[in-house]
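So the structure is just underneath, and the comments pick up after that.
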Amino acid sequence: MASEEQVKQYIAYWFQLGKRVLIRNGRETLLPQRVIQGDRYSDDFEECWQKIIAPDAGDCNLEGTQETVAELLTPAWDLNPCARCSMPIPVRNLGLPPNNCPCSDLPTWPNLDTPLPRSPVDTQVHLNSLISRLLKKEKSLHEDFSADNIKEKVE
């Protein structure tokens, strides 16, 4: 079962490639100007997401797909990487898979020369993690080359 956060990420990734979301049974489309802003989703994206999950939104689906967001949030669906482009696509837990990936009508995709769609990254958390790993490595190196360890290895 796809979580709400996974479905949100799925929509965000496809928005980054220019796919729109059809809401109100296809009468309105959404495509934010910016999807990511620094270490979080943009306000424009969050506003679109709230419209998508609103009770009065009707059937909402990604352009080029038949599965609604409401269906994707049920236990019948998972989100897995496309075999062609590795982007997330809906896959039924039971029964037949969907007809195709939303990438099927993007003539220039997959394009490994461009950055892949991504999720927001908190750079401060990432940098702190790197610093922590480097400090552990440094401590380990100091312990390996301490005077006592060198004596033991020489003797």
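Which number in (1) in contact with a strand residue (DSSP E or B) (Cβ under 8 Å, 6 or more places away or on another chain); (2) assigned by TED's automatic domain parsing to the domain that holds TRP14 marks the one condition that GLU47 misses?
It fails just one condition, (1).
Take the residues in the range 17-41 that are of a type in the set (Gly, Ala, Ser) and out of contact with any helix residue (DSSP H, G or I) (no Cβ under 9 Å at 6 or more places or on another chain); name whichever of them is farthest from ASN111 (Cα to Cα).
Looking at residues that are of a type in the set (Gly, Ala, Ser) and out of contact with any helix residue (DSSP H, G or I) (no Cβ under 9 Å at 6 or more places or on another chain), I get GLY26.
Could you list, in sequence order, the residues of the range 5-39 that are acidic (Asp, Glu), farther than 19 Å from THR74 by Cβ and not in a strand (DSSP E or B)?
ASP39
Quick check, is ALA2 within 14 Å of the chain's Cα centre (by Cα) and outside any helix (DSSP H, G or I)?
Answer is yes for this residue.
Read through the list (1) closer than 23 Å to ASP122 by Cα; (2) touching a residue at least 12 places away in the same chain (Cβ under 8 Å), then give the number of the only condition that PRO102 fails.
Only one criterion is unmet by PRO102, namely (1).
Please tell me if TRP49 is in contact with an Asp or Glu (Cβ under 9 Å, 6 or more places away or on another chain) and either surrounded by 13 or more Cβ atoms within 10 Å (Cβ to Cβ) or at pLDDT 90 or above (or both).
Considered against the rule, which asks whether it is in contact with an Asp or Glu (Cβ under 9 Å, 6 or more places away or on another chain) and either surrounded by 13 or more Cβ atoms within 10 Å (Cβ to Cβ) or at pLDDT 90 or above (or both), TRP49 comes out as no.
Within the range 68-78, restricting attention to residues that are over 17 Å from the mean Cα position of the chain (by Cα) and in a helix (DSSP H, G or I), which residue is surrounded by the fewest Cβ atoms within 10 Å (Cβ to Cβ)?
In this case the residue turns out to be ALA70.
Any residue in the range 93-100 that is modelled with pLDDT of 80 or more and either under 24 Å from TRP77 (Cα atoms) or part of a helix (DSSP H, G or I) (or both)?
Checking the range 93-100: at least one residue is modelled with pLDDT of 80 or more and either under 24 Å from TRP77 (Cα atoms) or part of a helix (DSSP H, G or I) (or both).
Any idea which of (1) of a type in the set (S, T, N, Q); (2) surrounded by fewer than 16 Cβ atoms within 10 Å (Cβ to Cβ); (3) touching a strand residue (DSSP E or B) at 6+ places or on another chain (Cβ under 9 Å) is the one THR65 doesn't satisfy?
Unmet for THR65, out of (1) of a type in the set (S, T, N, Q); (2) surrounded by fewer than 16 Cβ atoms within 10 Å (Cβ to Cβ); (3) touching a strand residue (DSSP E or B) at 6+ places or on another chain (Cβ under 9 Å): (2).
The values are calculated or read from the model by the stated rules, or taken from the named source; none is laboratory data. Keep in mind that what you see is a predicted model, and the values were worked out from it rather than measured. Cβ sites come from the backbone with ideal geometry, for glycine too, and all protein chains shown count toward neighbours.
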